[in-house]
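Engineer: Structure below; questions to follow.
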Amino acid sequence: MRELTIYRELANRIQERLNCINKGDQELVRQHEKCIKSLKDLLPSGSAIDLRNSNGEKIIIDSTFHAMDDSGYGRWIDFSITITPSLIHGISLKISGRFGKYQEIREYLFDVFDNSLRETVKEYYCQNCAAVYYRKEELHSCPVCGNKLQ
């Protein structure tokens, strides 16, 4: 078991996936994609990682938010978050989208994603299934085969 920061592990897995694509190793590409999906599942609901435009130095997350107004739910806001390295803060986030009169939502989403990406997770490996799991809580046995995890 290793403890990892979500944004760092995402960047590593995305870059490793690209390296495996360049080498033509489709089996390792699939393994990295499973890990990326598992990490994505730890991010706020509705997050999708743009694997075509992301790499080890830039991660792009596409998502949507259902804004509320005085009469209830307003409109859906599609937005993208670009994550890049920062020498001072570790990462830098840029949120783009058509927020219009909902600018305060941009600040809220910045905080939510910034906190989520900086969270520490535990990486577990099952030798029997050859599967990697990322969890915020302790995981003692494999969810698939029940074997003890490393």
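Engineer: Please specify each residue of the stretch 95-135 satisfying the condition of being in a helix (DSSP H, G or I), farther than 26 Å from Val29 by Cβ and of a type in the set (S, T, N, Q).
Structural biologist: Result: Gln103, Asn115.
Matching residues to (1) surrounded by 13 or more Cβ atoms within 10 Å (Cβ to Cβ); (2) without any contact (Cβ under 8 Å) to a residue 24 or more places away in the chain:
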{"site": "Arg2", "(1), (2)": "no, no"}
{"site": "Ala11", "(1), (2)": "yes, no"}
{"site": "Ile14", "(1), (2)": "yes, no"}
{"site": "Asn19", "(1), (2)": "yes, yes"}
{"site": "Gln26", "(1), (2)": "no, yes"}
{"site": "Pro44", "(1), (2)": "yes, no"}
{"site": "Leu51", "(1), (2)": "yes, no"}
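Engineer: Name the single residue that is surrounded by the fewest Cβ atoms within 10 Å (Cβ to Cβ) among those in the stretch 113-145 being among the β-branched types (Val, Ile, Thr) and more than 12 Å from Leu42 (Cα to Cα). Full working, then the answer.
Structural biologist: The initial filter retains those residues of the stretch 113-145 that are among the β-branched types (Val, Ile, Thr), namely 120-121, 132, 144.
Now restrict to residues that are more than 12 Å from Leu42 (Cα to Cα): 132, 144.
Working: Val132: 18, Val144: 11.
By that ranking, first place goes to Val144.
Engineer: I'm trying to understand the selection: among the residues of the stretch 53-77, which are surrounded by fewer than 18 Cβ atoms within 10 Å (Cβ to Cβ) and farther than 24 Å from Glu119 by Cα?
Structural biologist: His66, Ala67, Met68, Asp69, Asp70, Ser71, Gly72, Tyr73, Gly74, Arg75, Trp76
Engineer: For the stretch 24-45, what are the residues that are touching an Asp or Glu at 6+ places or on another chain (Cβ under 9 Å) and in a loop (DSSP other than H, G, I, E, B)?
Structural biologist: Leu42
Taken together, the values in this text are just the output of simple stated rules run on the coordinates, not laboratory data. Here the structure is a predicted model, which means the values were calculated and not measured. For neighbour counting, all protein chains shown are included, and Cβ atoms are generated from backbone atoms with ideal geometry for every residue, glycine included.
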